[in-house]
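The next block holds one structure in the form of structure tokens; read it before the comments.
FYI, it's all coordinate maths here, none of it is from the lab. As the structure is a prediction and not an experimental result, all values here were calculated from the model. FYI the Cβ positions are ideal-geometry reconstructions off the backbone, even for glycines, and counts take in every protein chain you see.
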Ligand code: ADP
Ligand code: MG
């Protein structure tokens, strides 16, 4: 079977520090994978390697069967949403959504079609003429998701997209991300240190510690049959 994303024996060192060690992970098409672990365990580093924002020290990354280990980020067929919104402050929401497509010289009607579809899905149509400074945190994060959505990619990468939001917004957007996945049915790799997010969103959870995956299983199994004390302690303790 061809996987949506395959990670083969991936290692990454920052100087002498081994941040990821011989990591392997196969993700099926349409699967929602959560990378869960405490701060500093290497979640963002792994995601950035998949996105092509960091060069790996060793190993390979395949997306839809193609070896993308040394491909440019824009050629990998992925969209990424970060914890901080990373919107262009001087541009309207509409411009923020369309900018990347315009740079790629996409046809104007196709750009408009995609912006319309993404803003409908995320319910941000009333905000299209506003600037980021005129938006709430939750609205900004919707726009950030929209920017990944307009690219029509197979694989979405999320790096703690809800961490900067208050509890109520966090749970609202969690539900929305779940709905988005049910609608789009694309592959999602979602980084968090929040156990609740992991248990409610994931098809499978990869529990990480010091750059190594400790257990990879569905939420029920992780919760009820942790393979070691680390996993049991981490998933059992409140965030
Ligand atoms: P997480 O996202 O799980 O909190 P990170 O992937 O950001 O963890 O970081 C993993 C480890 O790599 C940490 O020990 C961090 O200090 C280190 N690290 C991250 N980025 C760099 C960098 N650019 N240079 C050196 N060390 C880094
Ligand atoms: Mg991180």
**Prompt:** Residues that are surrounded by 15 or more Cβ atoms within 10 Å (Cβ to Cβ) and within 12 Å of ligand 1 (Cβ to nearest atom): which strands (runs of 3 or more DSSP E) entirely in segment 15-87 hold 3 or more of them?
**Reply:** 17-27
**Message:** Among the numbered criteria (1) in contact (Cβ under 8 Å) with a residue 60 or more places away in the chain; (2) touching a strand residue (DSSP E or B) at 6+ places or on another chain (Cβ under 8 Å); (3) part of a helix (DSSP H, G or I); (4) surrounded by fewer than 20 Cβ atoms within 10 Å (Cβ to Cβ), which one does residue 141 miss?
**Reply:** (4)
**Asked** On the given criteria, is residue 93 away from ligand 2 (no atom under 16 Å from the Cβ) and in contact with a helix residue (DSSP H, G or I) (Cβ under 7 Å, 6 or more places away or on another chain)?
**Response** yes
**Asked** If we scan segment 161-174, do we find a residue that is closer than 27 Å to residue 62 by Cα, surrounded by 16 or more Cβ atoms within 10 Å (Cβ to Cβ), within 16 Å of ligand 1 (Cβ to nearest atom) and in contact (Cβ under 8 Å) with a residue 40 or more places away in the chain?
**Response** yes
**Message:** Yes or no: segment 101-122 includes at least one residue that is outside any helix (DSSP H, G or I), surrounded by 16 or more Cβ atoms within 10 Å (Cβ to Cβ) and within 20 Å of the chain's Cα centre (by Cα).
**Reply:** yes
**Request:** Restrict the check to segment 54-67 and report whether at least one residue is touching a strand residue (DSSP E or B) at 6+ places or on another chain (Cβ under 6 Å), within 16 Å of ligand 2 (Cβ to nearest atom) and closer than 29 Å to residue 230 by Cα.
**Result:** no
**Item:** Matching residues in segment 179-191 - criterion: being in contact with a helix residue (DSSP H, G or I) (Cβ under 6 Å, 6 or more places away or on another chain) and away from ligand 1 (no atom under 16 Å from the Cβ)
**Value:** 188
